[in-house]
Amino acid sequence: MERYNPKLKENSRALRTNMTDAEQILWHHLRRKQIQGVQFYRQKPLLAFIVDFYCPAAKLVIELDGSQHSETEHQAKDQDRDAALAGLGLRVLRFDNRQVLLEMDAALEVIDKIVKERVS
């Protein structure tokens, strides 16, 4: 299991209780090993972060971004975060909330393809 800051555990539980609409919809498709038979976790602490979804078998992180992530400050933080996670050998996939809400099939195809590549 990957390292994480234990102080984030309580925050991750709160985030699981208060997921966004896009997170809830994607979780419906990821849970119960529906993608390539692998387990996903939601609101998972990794290093000093809480990632939206994590698949340890594929070493895959999925982040759903709201409109605030288009701001320059958020983009810089996201790049630093992605680099830190990549340092663990993790692949980070980012989707805009609108993509998940309006183009779910396309998002699931991308996720399925990457999981298949990384698990095989």
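Every read-out reported here was derived from the displayed coordinates using simple, explicitly stated rules and does not represent laboratory data. Because the structure is predicted, anything quoted here is derived from the model rather than measured. Here Cβ is always computed from backbone atoms with ideal geometry, including for glycine, and neighbour counts include all displayed protein chains.
Given 0.36 nm per residue, what is the gain on full extension from ALA86 to VAL119 after removing their alpha carbon distance, in nm? Working it through step by step, the gained length comes to 10.2 nm.
As a calculated quantity, the FRET efficiency between ARG16 and LEU101 at R0 = 30 Å, using C-beta atoms, amounts to about 0.95. Shape annotation for the chain: C-alpha extents along the principal axes are 31, 31, 27 Å, from largest to smallest. Its DSSP H runs of at least 4 residues, each contributing -39,500 (n - 2.57), put the calculated 222 nm mean residue ellipticity of the chain at -14000 deg cm²/dmol, to the nearest 500. Among the listed pairs LYS7/LYS59; LYS9/LYS113; LYS7/LYS113; LYS77/LYS116, those whose Cα-Cα separation exceeds 27 Å are LYS9/LYS113; LYS7/LYS113; LYS77/LYS116. Tally Lys/Arg at +1 and Asp/Glu at -1 over every other residue whose Cβ is under 12 Å from the Cβ of ARG94; what's the total? Once all neighbours under 12 Å are counted, the net charge is -4.
Normalising the average separation of contacting C-alpha pairs (under 8 angstrom, six or more residues apart) by the number of residues puts the relative contact order of the chain at 24 percent. Centre-to-centre separation between the Cα atoms of region 38-64 and those of region 96-120: 14 Å. Here each label is just a point 7 Å from Cα along the line to Cβ, and for GLN24 and ASP78 those points are 2.3 nm apart.
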